[in-house]
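Read through the structure below, which is laid out as C-alpha cells, and then see the notes.
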Amino acid sequence: MSKPQAEMTGKRIDVSMRNGFCKFFGIAFLFAAFSVDAKDHFIEKDTLYRRNPGVISKQGPYRPTRTLKHDLIHTRLDVEFDWLRQQVHGSAVISFKPHFYSQNTIELDAKGFDIKGISQLDSFQDFGSAAPKDLTKHISKKLDYTYDKRKITIKLGKDYSAKDTLYVKIDYVAKPNDLPRDQQDDNPNDKGLYFINADGQEEGKPKQIWTQGETSGSSCWFPTIDSPNVKFTQDVYITVDSTYKTLSNGLLISQEPDQSGQRTDHWKQTIPHAPYLTMLAVGDYAIATDMMPNGLELSYYVEPKYGGDAHAIFGRTPEMMAFFSNIFGIEYPWEKYAQIVVRDFVAGAMENTTATVHEEGVQTDARSILDGNSDAVIAHELAHHWFGDYVTAEEWGQLPLNESFANYSEYLWSEYYIGKNEADWQNLQELKQYLTEAETKQVPMIRYFYKDAENMFDSHSYAKGGRILHMLRKYVGDDAFFKSLQHYLKSHALGTAEISDLRMSFEKVTGEDLNWFFDQWFLRPGHPLIKIKQDYSTATNKVQLKITQAQDTLATTVYRLPLKVDVWTGGKKNRYDVVIDKVNQTIEFPAAKKPDLVIFDAESQLLANIEQDKDRPELVYQYNHSEQFLPKYEALAALEGKLQDSTVRNVLVKAMTDPFWKLRQMAISNFAEYDGEGFADIEKIIQSRARTDRHPQVRAEAIITLASFGDNNNDPVFREALSDSSYQVVSVALDKYLVGQPSDANDVAAQFEDSPNDAIVASVGNYYAGLAQPERYDWFLEKMKRMKPSEKYNFLQVFGKYLIKSKQDVQRKSIPVLEGMARNSPSYFVRFGAYQALGLLTDIQGVPAIRKDIRAKETEPKLKEMYTQFGEF
C-alpha cells in the first residue's frame with residue numbers, strides 16, 4: 001500500500017511550495033508518533049514473549065502471528081448491492097480443513113453482518129463454478145453458530161481431522177457503514193467496502209463501489225480468517241446494473257445478463273493469496289489495454305473523460321513488469337494485471353492481487369504528465385506483486401518485508417529508467433522523510449509490540465526500510481543482492497515469511513553471517529548520528545578523522561558501518577574501505593599535503609545524520625569534483641547565502657547549467673533577490689533557463705527567481721511563459737504576471753480561469769482573491785467542486801485569502817460551506833483545509849464554537865493528531 005503523500009505519487013512539488021501554495025503532502029510529516037522506551041526494542045520470536053502473548057510493553061501488547069486452527073482453501077462469493085442502504089447482500093462458500101489438530105468448530109471474522117443462515121455443503125461438488133441456484137441442492141445440514149458482530153463461531157457437529165475438507169455456506173448482509181466500534185483500535189473510517197456518491201446527488205462525482213482490505217477490512221464485507229498468514233483461491237460473482245464495469249482479482253470468466261437489466265460478472269483467481277488482497281470495484285470506466293509478449297493482459301481503468309490519457313498515465317507498466325521480472329528472477333506470477341482509479345480512496349494506492357487500486361490523483365491528462373508522472377506509485381504497487389502478494393509478511397509487525405521492498409523498487413525503477421541522479425534525489429527525499437519522523441518516533445523496523453496495525457504504516461516501514469535495503473545492496477554488491485532476493489522469493493513462493501527468512505536467504509547466497517546487519521537495522525530503533533572532526537598532520541603526512549557515534553547508544557546501539565572514504569589530494573582521488581564500529585574512533589589516511597577534500601561515505605549510501613564541517617574552498621571543490629549527486633547537492637546547499645564570495649558565485653553560475661535538473665534548480669534559487677556584482681549577466685542566464693531549460697521545474701524556478709529581482713513584474717519572460725508546454729510553468733508565470741496588474745490582467749485571467757489544470761486555476765484565483773470582488777464568490781465555490789482533493793486543499797488557502805479581503809456578508813455566507821467541508825469531506829486533509837479557512841473568520845460570532853465542535857467530533861486519527869500538533873486541542 002502507498003501512503004497519500006507526494007513522494008508516493010511521483011509528482012514534483014517543491015516549485016509549487018516556493019510559489020506560495022501550501023501543498024497538503026507536507027502535512028504528512030506531522031503524523032509522527034511519540035518516541036518509546038528503548039528497552040522494548042528487541043524481542044526474539046522464540047523467547048518467553050512468544051509463548052506469553054499477554055505481555056504488554058509501552059509500545060502496546062505483544063502481537064504474535066495468528067494461530068491457524070484451519071487452512072482456508074477456496075472462497076466463493078456471490079454479492080449484489082443495495083445502493084440506497086449501502087449494504088452488500090452476499091453468500092460465501094468457504095472450503096477449509098483443520099490445519100493440524102482435529103476441530104469441531106471454525107471461527108471466522110465477520111464484522112457487523114446480519115447472518116441469514118449457515119449450512120454445510122456436500123464435499124464432492126465444484127462450488128467455484130456452480131450456479132448460485134445449484135448450491136442449495138447440496139446443502140447437507142444447517143449449522144448452529146454463535147456471533148458477536150465480530151466473529152462467527154460455527155459448530156461443525158463433530159470432530160474433523162486435517163485429512164477432511166469441509167464446505168460451509170454463509171448467507172449474510174454486510175453493512176459497512178454500521179460496523180461495531182467498541183474496540184480501542186477501531187477506526188470509524190475503515191469500512192472495508194465503500195459506496196461513493198451512492199445516491200448520485202453529488203454533482204460531477206461518479207457512483208462507485210470499491211474495497212480496501214489492508215489490514216483487516218475484507219471481513220467487513222465477506223466472512224474469512226482475516227489474517228495475512230492465510231491464503232486461498234477464490235471465485236467472485238458480482239451482480240450489478242449492466243451499465244457498470246466491474247473488476248476483481250484474477251480473470252473475467254463470464255458475464256451473464258438477466259431480464260431485469262442486471263449482469264453477473266464471474267472473476268476467478270486460481271493462485272492463492274491473503275484475504276486482505278481480495279478486491280472488487282464497480283463503476284463507469286473506460287478501459288485501455290496492453291499485452292505482454294507472453295500474452296498476459298494489462299488493463300487500465302480510468303473515468304471516461306481520461307480514456308484517451310490512460311496509456312500516458314500507465315503506459316510504462318509493461319516495461320516495469322519486464323524489468324522487475326528480470327531483476328527479481330521470477331516472471332510476474334499472476335494471471336493478469338489491472339490498475340483502476342477510484343474516487344475518495346483511503347490510501348495512496350493498494351496492491352490487491354492482479355488489480356491495483358489508485359487514488360484519483362494519478363488520473364490526469366497527458367500534458368500534466370510533462371510536470372511529473374505517477375511512475376513511483378505505479379512501480380511501488382507492481383513490485384508488491386512479488387513482495388507482499390507472492391511472499392507475504394506473516395504478521396503486520398513484519399510489514400517492512402512488504403513495504404520496504406516496494407519502496408526501494410521505486411528507486412530501482414527510477415535508476416533504470418531515468419538514471420542514477422534521479423534515483424539518488426528520490427533517495428534523499430525518502431531519507432529526509434524518515435529523519436523528520438524520527439524526531440518524534442523511533443521504533444524498531446520489525447515490531448512485535450504495537451497498539452494498532454495501522455501504526456506500522458509509517459516512514460519507518462517505507463522510507464527507512466528502503467534506505468536499509470540500499471545499504472544492504474551496497475554492502476553485498478549487486479550480484480549477491482539480487483540473487484538473494486531471488487532465493488527469498490523462490491524459497492517462500494506463495495507463502496509467508498518473517499525477517500529471519502530474508503536474513504537466511506542473504507546468508508545462503510553470500511556465505512556470511514549477517515546477524516549484525518539485520519539486528520542493528522531491522523530489530524533496533526534509531527539511526528547513527530555521526531560527528532566528524534578532521535585534522536592534517538604535516539609531521540606524519542596523514543589526514544585524520546576523529547569519528548564519534550553521538551546517538552544514544554543505550555536506546556539504539558553502537559552501529560557497525562562499512563563504508564568508503566574519498567580523499568582528494570592534488571587533484572587525485574584515493575578511495576578507502578573502512579568500518580566504523582566504535583563510539584569514538586580515529587582513522588588515518590596518507591596524504592602528501594593537506595587534502596583538498598575528504599568525503600565520508602563516498603557512495604552516499606548511509607542512513608545517518610552526518611555532521612562534518614567544511615570550509616568554502618572544500619565545498620567549492622566538492623561540487624566541482626564529486627561524481628555523486630548527494631555531495632554536489634550538499635555543497636550547493638551549504639553555499640547558499642554566500643553569493644558575496646566571487647568563487648562561490650562562479651560555482652553557482654556554473655551549476656545553473658549542470659547536467660542534472662535538480663542541481664540547476666538549486667543554483668537558480670540561490671540567486672533569488674540578488675542584486676550584486678555581475679547581475680546583468682546572471683539575469684540573462686536565468687532568463688535563458690526560463691525559456692529553454694528542458695526540465696519544467698527549472699523553468700518554473702527561473703521565473704520565480706526573476707520575479708524576485710526588485711520591480712521586475714514586467715519581464716517579458718512571464719508573458720512568453722504563458723504559452724509553455726508545462727502546466728506548472730504556466731501556473732507560476734501566470735501568478736507572477738498577474739501580480740504586476742498589467743493592463744490586460746483581467747483578459748489574461750479570464751483566458752485561463754477555466755483551465756483543466758487546477759494549479760493554473762489557483763493562480764487565477766490568487767489574482768481574484770487580491771481583488772476581493774463579491775461577484776467572484778460563486779466562481780470560487782464552483783471551481784472547488786470539481787477539484788481533486790489535493791488541489792482542493794491548496795485552493796482553500798487561496799479562498800481563505802479571498803475571504804480575508806472580502807466584506808463580512810461574503811464571509812458569513814462562506815461559513816456553512818466551510819463547515820460542511822470541514823465535517824463531511826471524504827478527504828481528511830480537505831477537512832483540515834476547510835477548518836483552517838474557518839480559522840480566518842474567528843472574529844465572526846459563532847465560528848470559534850463551530851471549530852471547537854468540529855475538533856470534538858472528528859474521528860480520523862491522523863487529523864486528530866494534526867489538531868494536537870497545531871495546539872488546537
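Let me confirm something: among Asn650, Asn624, Asn609, Asn584, which residue is under 30 Å from Trp516 (Cβ atoms) and either at pLDDT below 95 or more than 32 Å from the chain's Cα centre (by Cα) (or both)?
Asn584
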Go over the candidates Gln728, Gln751 one by one and state the one that is in a helix (DSSP H, G or I), over 27 Å from Gln426 (Cα atoms) and not hydrophobic (A, V, I, L, M, F, W, C).
-> Gln751
Scan of the range 693-724 for residues that are touching a Leu at 6+ places or on another chain (Cβ under 8 Å) and touching a residue at least 24 places away in the same chain (Cβ under 8 Å), ordered by number | Pro696, Asp715, Val717, Leu722
Which listed residue is in contact with a helix residue (DSSP H, G or I) (Cβ under 9 Å, 6 or more places away or on another chain), closer than 20 Å to Gly250 by Cβ and touching a residue at least 24 places away in the same chain (Cβ under 8 Å), from Met320, Met279 | Met279
The range 219-254, subset free of Cβ contacts under 8 Å to residues at least 60 places away in the same chain and among the hydroxyl-bearing types (Ser, Thr, Tyr), residue surrounded by the most Cβ atoms within 10 Å (Cβ to Cβ) | Thr246
Output for Cβ contacts, cut-off 6 Å, separation at least six or different chains, first residue surrounded by fewer than 17 Cβ atoms within 10 Å (Cβ to Cβ) in the range 846-873, second acidic (Asp, Glu), reads Arg855/Glu872; Lys864/Glu858
Strands (runs of 3 or more DSSP E) wholly inside the range 174-252 containing at least 1 residues that are among the small types (Gly, Ala, Ser) and over 16 Å from Glu80 (Cβ atoms) = none
Taking the condition over 43 Å from the mean Cα position of the chain (by Cα) and not small (Gly, Ala, Ser), does Asp144 pass?
-> yes
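Looking at the range 92-105, is at least one residue touching a helix residue (DSSP H, G or I) at 6+ places or on another chain (Cβ under 7 Å), at pLDDT below 95 and either in the same structural domain as Gln212 (by TED's automatic domain parsing) or within 23 Å of Cys220 (Cα to Cα) (or both)?
no
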Those residues of the range 326-343 which are more than 24 Å from Phe232 (Cα to Cα) and either modelled with pLDDT under 95 or assigned to a strand (DSSP E or B) (or both), in sequence order | Val341, Val342
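Residue-wise test of (1) free of Cβ contacts under 8 Å to residues at least 60 places away in the same chain; (2) acidic (Asp, Glu).
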site	(1), (2)
Glu331	yes, yes
Tyr337	yes, no
Val346	no, no
Ala355	no, no
Gln363	no, no
His380	no, no
Ser409	no, no
Gly419	yes, no
Gln426	no, no
Flagged pairs (Cβ under 8 angstrom, 6 or more apart or on separate chains; first in the range 165-186, acidic (Asp, Glu); second not in a loop (DSSP other than H, G, I, E, B)) are Asp171/Gly90; Asp171/Ser91; Asp171/Ile115; Asp171/Lys116; Asp171/Gly117; Asp171/Ile118; Asp185/Ala453; Asp185/Glu454
Quick one: in the range 809-825, which of the residues that are of a type outside the set (D, E, K, R) and surrounded by fewer than 16 Cβ atoms within 10 Å (Cβ to Cβ) is nearest to Asn197 (Cα to Cα)?
-> Asn824
Taking the range 559-600 only, how many residues are under 23 Å from Met445 (Cα atoms) and acidic (Asp, Glu)?
-> 1
Sole exception among (1) assigned to a loop (DSSP other than H, G, I, E, B); (2) of a type in the set (Lys, Arg); (3) under 27 Å from Glu422 (Cβ atoms) for Lys573, by number | (1)
Sort out which residues of the range 117-142 are more than 22 Å from Ile238 (Cα to Cα) and of a type in the set (Phe, Trp, Tyr), and write them in order of number.
-> Phe124
Count - residues of the range 432-448 that are surrounded by 20 or more Cβ atoms within 10 Å (Cβ to Cβ) and basic (Lys, Arg) = 1
Filter the range 572-607 down to residues that are under 18 Å from Tyr633 (Cα atoms) and in contact (Cβ under 8 Å) with a residue 40 or more places away in the chain and give me whichever is surrounded by the fewest Cβ atoms within 10 Å (Cβ to Cβ).
-> Glu603
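Go through the range 501-532 and give me each residue that's farther than 17 Å from Val558 by Cβ, part of a helix (DSSP H, G or I) and not small (Gly, Ala, Ser).
Asp501, Leu502, Arg503, Met504, Phe506, Glu507, Lys508, Val509, Thr510 - these are the residues of the range 501-532 that are farther than 17 Å from Val558 by Cβ, part of a helix (DSSP H, G or I) and not small (Gly, Ala, Ser).
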Going through the range 345-362 in order, the residues found to be modelled with pLDDT of 95 or more and not in a helix (DSSP H, G or I) are Phe345, Ala349, Met350, Glu351, Asn352, Thr353, Thr354, Ala355, Thr356, Val357, His358, Glu359
Out of all the residues in the range 643-690, which are acidic (Asp, Glu) and either part of a helix (DSSP H, G or I) or over 21 Å from Leu619 (Cβ atoms) (or both)?
-> Glu673, Asp675, Asp681, Glu683
Keeping to the range 583-611, report how many residues are part of a strand (DSSP E or B) and either within 22 Å of Lys464 (Cα to Cα) or of a type in the set (Val, Ile, Thr) (or both).
-> 8
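The values are calculated or read from the model by the stated rules, or taken from the named source; none is laboratory data. Computed from a prediction, not measured in an experiment: that's the story for all the values here. We place every Cβ from the backbone using ideal geometry, glycine too, and count neighbours over all the protein chains shown.
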